[in-house]
Structures are given as structure tokens and as C-alpha cells.
Amino acid sequence: MSLSNNECAESLIVNQKAIADAASLHLLQHKPEMTNWFGENSQEHWIEHFLDRVMELSESVAAGEPQIFSNHISWAKQAIASRNLDNDYLSATLESLRAGIQTALSPETVNPVINCFDKALDLNGSVEQAVWDSALDPRNTCDSVALDYIQAVISGNIWLGMQIVLDAVDEGLSIKDVFLRVLLPAQTEVGRLWHLNEVSVAEEHLLTSTTQRLMSVLAHRALRKPDRGHTVIAASVAGNAHDMGIRTIAYLMEFEGWRTIFLGADMPRSELPAAIKFYSADVVLLSIALSTQLRTLKRTVNEIREICGSDVKIMLGGQGLNNVPNLWKEIGGDGYSKSIEDAIEIADELVTTS
């Protein structure tokens, strides 16, 4: 009897620790030079590494989409290249993960999982790896403001950085353009720099917290269109600590006349149905940053449907969905947007056609 994708994915989670232990042991036996990469606690670090990889693979298996795990491999390749590590590092860890899976899983589960794993590797090997060049061009006005803002903030000049952006508004740049063409590109750029090991986590966090403060200041300056009579709830699902994108959508929808209830990051799914009912929401926006949050998103959608029925429209988005077309339909969403500007238009369509 063949097992479903969800059953195979669940088996990966149940056996996550056993797979990680076996993979770590395999790696350190076959690549002893990697034993001391993390000092005295090297094996514990490798176990944590493989626990994360199993979680990523389980989401790929559950969705029946090898591309999801292939995307994680691409991300790892870029990180390795930017840190001048040996390319054999990734190959060795993937080989050990495969061995750990074969050791720990039952015969009826191992074949579908290995099949997904191997397809992900084939997909990754068949495409040229993207070069993460900066998307910001200093000759462009908005990009120039973004670059100056980044430079000021990560050097510790918070007020100067904020003033650079506020001055741009005073000189005629619209607040919507500041959100979409300055602040979000700045966040993307600092994320790119972190991935390339050119800024620290602390610097990335500093820019994020400053951007959140700046958005609040700008929101008080923004003009608002008349009340549309519709309410939207916006939240990042449980486990998603990233809310910059959905925060921006919430602000822009507020400017367009929506009553906006922004619940922020890491929102427990059990709390959402009550909030939807209390605020009489017409639309709920749910965001995931990583593919490892896909099952959480699915459970969240199911819980909303079970309690709220079809009274509320559910729109999905976030980086975790961007590379797998139409997955949002399988999850149960009423709509999906890959861009912030499209999100507002799609939300309008959802309430117009309901």
C-alpha cells in the first residue's frame, strides 16, 4: 500500500531526530575534517543542521513539490559561495542526509521520500545558479535614497537615516513610493548583504527596527481615501517572525480606505477565527516567509474555514509561496499575490465578487 504525501512527510517529522543523528554520524565518519568546524560541540551543531534540513524536505514531500527543497539547496549554495567555503561541503551534507533518511525510515516510506529528494537535486543541477547582484541602482532616485538610508542606519546614525527618507518625502516623493520603492528595497538589499556575509544579523535587525519606526511616522503623514466599508485582517502565521511585507500591505490598504487590523508576526492560528468574527473581517491576509511554514499555513486556513466558513475571503502570500505556482490553491486560499501592489487589487476583487 502506497502512502500519501502527508503520511510520508509526517514520517519524516516523527523520525526527524533519528535521521539527524544518523546523518551527523555519517558525515563525521566520511568527512572527519569537518569534525571540528564548530569546536567541541561540533556534533550537536551538525545534528541541528540536519534537523533543519529534514523539516525543509518534509514540506517538499507534503506538497509533492521537489522544487521547494531544490530552492533550499540553491539558497545554501549561494551562502557557501559567499563565505568562501569548500563546494564539497554541501555535497557531503546532502549525501549524509540521504544516508540518514535511508537508515531511519521504514521501507514503505523511504522510497517516496528519496524520490522527492533526488528530484530536488536534479532540478537544482539543471538550472544555472542566480547571481545575487544588488537590484539597487544609485542613478535611480528611489534607489539612491534607499542606499543612503541603509548606509546611515547600519553605521549607527538612526536619525540621519530616517531624516534622509523624510527629506525625500518633503521634496515630493509620495509616501506610497517610499514604502514600495525605498523601504522595502532597502530591506531586500540588507537581506542580500547578510546572505553574502557582508553585514551582521545585528545590522540587519537594526535596519528592520528602524524601518518599522519610519513606517509609523510616515503613516501619520499619509492621506487616506474615504472609508470603503471593508475590513481586512493581516498577519504572519505562527512561526513566521517576518512581517515587513504584510505590514506594508496593511498600511497601503489603510491609505486606500480599508479598515485595517494588523496583527503582526507569529500569530497563533487558534486566535485568528475569533479576531475575524470580532472585527467582522471581509478579507484575511496570511503570510509565510519560509516553505517550512507551509503546513502551518494549511492548518491555519483549515481552522478559519472550519469556524468562519466562506464568510471571509483568505488571501495568501509571502516568500515561502513565491516559487511554487498554484500551491496557494491546494492550500485553500481564495487569492494569492506575489507582489504588494497586486495584493491590494486582488483584495478589492475578492470583496467585489463575493
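Derivation of every value follows stated rules applied to the coordinates shown; laboratory data play no part. Here the structure is a predicted model, which is why all the values come from computation and not from measurement. As a convention, Cβ positions derive from the backbone with ideal geometry for all residues, glycine included, and neighbour counts pool all protein chains shown.
Take the Cα of LYS338, step 7 Å toward its Cβ, do the same at GLN43, and the gap between the two points is 4.6 nm. Taking LYS119 as the anchor, which aspartates and glutamates have their alpha carbon closer than 13 Å to its alpha carbon, excluding any fewer than eight residues away along the same chain? Straight-distance partners of LYS119: GLU65.
Any idea how far apart ASN157 and GLU306 come out in nm if each label point goes 7 Å out from Cα toward Cβ? Distance between the two pseudo-spin positions: 5.4 nm. So which lysines can LYS277 reach, going by Cα to Cα under 19 Å and dropping same-chain residues fewer than 8 places off? Filter leaves LYS313. Between VAL201 and LYS329, the FRET efficiency estimated from the beta carbon spacing at R0 = 51 angstrom works out to 0.90. Take the Cα of ASP227, step 7 Å along the line toward its Cβ, and report every residue of segment 257-275 whose backbone nitrogen sits under 15 Å from that point. Zone members listed by number: 257-261.
If you run the Gaussian network model on the chain, springs between alpha carbon atoms under 10 Å, then out of GLN29, GLN102, GLN319 the most flexible one is GLN29.
In segment 231-353, Rg over Rh equals 0.91, where Rg is the alpha-carbon radius of gyration and Rh the Kirkwood radius from pairwise Cα distances. For the chain, a crude dipole built from +1 on the beta carbon of Lys and Arg and -1 on the beta carbon of Asp and Glu, taken about the Cα centre, is about 640 debye to the nearest 20. Over all projection directions, the Cα-based convex hull of segment 5-125 averages an area of 6.7 nm².
Sorted fewest first by neighbouring Cβ atoms within 10 angstrom, HIS72, HIS30, HIS49 come out as HIS30, HIS49, HIS72. Which residue fluctuates the most in the chain, going by a Gaussian network model with Cα springs under 10 Å, if the choices are MET34, MET55, MET162? Taking springs between Cα atoms under 10 Å, the residue moving most is MET34. Taking PRO268, PRO226, PRO185 as the candidate residues, the one with maximal mean-square fluctuation in a Gaussian network model of the chain, Cα springs under 10 Å, is PRO226.
Spin-label model, SER270/SER74: points 7 Å from Cα along the beta carbon direction are separated by 3.8 nm.
The simple Förster model, with R0 at 22 Å and r as the Cβ-Cβ distance, assigns ASP348 and ARG299 a FRET efficiency of 0.20. FRET efficiency for the SER4 to ASN140 pair, using the beta carbon distance and R₀ = 45 Å, is estimated at 0.35.
Legend: ranking of residues SER310, SER24 from fewest to most surrounding C-beta atoms inside 10 Å; resulting order SER310, SER24. Farthest toward the positive end of the dipole of the chain, out of LEU90, SER24, VAL301, is the Cα of VAL301, where the dipole comes from beta carbon charges about the Cα centre.
Treating the Cα atoms of segment 141-221 as identical point scatterers in vacuum, please give the log10 of the normalised Debye intensity I(q)/I(0) at q = 0.10, 0.16, 0.22 Å⁻¹, two decimals. For the requested q values the scattering log ratios are -0.20, -0.51, -0.96. With coordinates expressed along the principal axes, the C-alpha atoms belonging to the chain extend over 64, 49, 35 Å, beginning with the largest. Sorting HIS26, HIS45 from the fewest to the most surrounding beta carbons within 10 angstrom yields HIS45, HIS26.
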